[in-house]
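**Student:** Dropping the structure in here first, questions after.
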Amino acid sequence: MTTSEAVEELRGWFSGRLPDGWFTGAPEIVLDREEVTVLGELPEPAAAEDRPEERSEAERAAQLAGHIDRFREGTRDQRIAIAREAEHRFGHKVSWGVTCGGRQEMFTTLSVPVMTRLRQPERRVLDTLVEAGVARSRSDALAWCVRLVGKNTDEWLGELRTALEHVERARAAGPTA
């Protein structure tokens, strides 16, 4: 099964399994080797729509944070049960997050160790980030670098992922050994 087919299956299963009204539409599903991330969009709280011209940005941010926290606490038991079902069925850990009013918050995520070999110039980059207080450790510095590259190359990485999906489909359509 290709990654895109797996994501489609996951999207369908979660869309059918999640309670009605949790999200404004189908959740976004992100899949990698270890984890399935379910990212749903919450409707903005009704209070956020009242007197928008009178609210400060701090008040709006606090309303959104409270709305997200209420959803997180109110759905915790159901999310855990759904995640267990999905983990048993699909063999991946499940992480949850939401977006609301332009704000994104992840409730659970995996932190997976990744082995890498770096030469001295690359290690010096990481050490500089640690010494400057940008990161607490080399591991944090490497994660920071990966996020920075991902942020600055979203379009290119998207094109690369699309190309990989085409390769996976071609492999799946070919003869089996």
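**Student:** Would you pick out the residues in region 58-101 that are over 22 Å from GLU34 (Cα atoms), open to solvent by 30 Å² or more (accessible area, probe 1.4 Å) and either among the small types (Gly, Ala, Ser) or under 17 Å from the mean Cα position of the chain (by Cα) (or both)?
**Tutor:** ALA58, ALA61, ALA62, GLY66, ARG72, GLY74, THR99
**Student:** Just the residues that are among the basic types (Lys, Arg) and assigned to a helix (DSSP H, G or I), please, taken from region 65-119.
**Tutor:** ARG70, ARG72, ARG76, ARG79, ARG84, ARG89
**Student:** Select from region 1-30 the residues that are open to solvent by less than 80 Å² (accessible area, probe 1.4 Å) and within 27 Å of ALA170 (Cβ to Cβ) and list them in ascending order.
**Tutor:** THR2, THR3, SER4, ALA6, VAL7, GLU9, LEU10, GLY12, TRP13, ILE29, VAL30
**Student:** Turning to a different aspect of this structure: Just to be sure, is VAL114 closer than 19 Å to VAL30 by Cβ and exposed (fewer than 11 other Cβ atoms within 10 Å of the Cβ)?
**Tutor:** The answer is yes for VAL114.
**Student:** Output the residue which, of all residues in region 10-35 that are free of Cβ contacts under 8 Å to residues at least 40 places away in the same chain and within 13 Å of ALA86 (Cα to Cα), is farthest from the chain's Cα centre (by Cα).
**Tutor:** GLY16
**Student:** List pairs: first in region 107-130 and over 16 Å from VAL146 (Cβ atoms) and in contact (Cβ under 8 Å) with a residue 24 or more places away in the chain, second small (Gly, Ala, Ser) and surrounded by fewer than 10 Cβ atoms within 10 Å (Cβ to Cβ), Cβ under 8 Å, 6+ apart or cross-chain?
**Tutor:** If the second residue must be small (Gly, Ala, Ser) and surrounded by fewer than 10 Cβ atoms within 10 Å (Cβ to Cβ), no pairs are left.
**Student:** Next up: Are any residues in region 27-47 in contact with a Ser or Thr (Cβ under 8 Å, 6 or more places away or on another chain) and more than 14 Å from TRP96 (Cα to Cα), and if so, which ones?
**Tutor:** Passing the criteria: only PRO43.
**Student:** Can I ask one more? If I ask for residues that are surrounded by 10 or more Cβ atoms within 10 Å (Cβ to Cβ) and of a type in the set (Gly, Ala, Ser), which ones from region 119-159 would you list?
**Tutor:** ALA135, SER137, SER139, ALA141, ALA143, GLY150, GLY158
**Student:** Looking at this structure, is PRO19 out of contact with any Asp or Glu (no Cβ under 6 Å at 6 or more places or on another chain) and either farther than 30 Å from ALA141 by Cα or among the β-branched types (Val, Ile, Thr) (or both)?
**Tutor:** yes
The values are calculated or read from the model by the stated rules, or taken from the named source; none is laboratory data. Keep in mind the model is a prediction, meaning the values are calculated, not measured. Note that we place each Cβ from the backbone using ideal geometry, even for glycine, and neighbour counts take in every protein chain shown. SASA here: full protein model, heavy atoms, side chains in, ligands and nucleic acids out. Shrake-Rupley method; radii C 1.70, N 1.55, O 1.52, S 1.80 Å.
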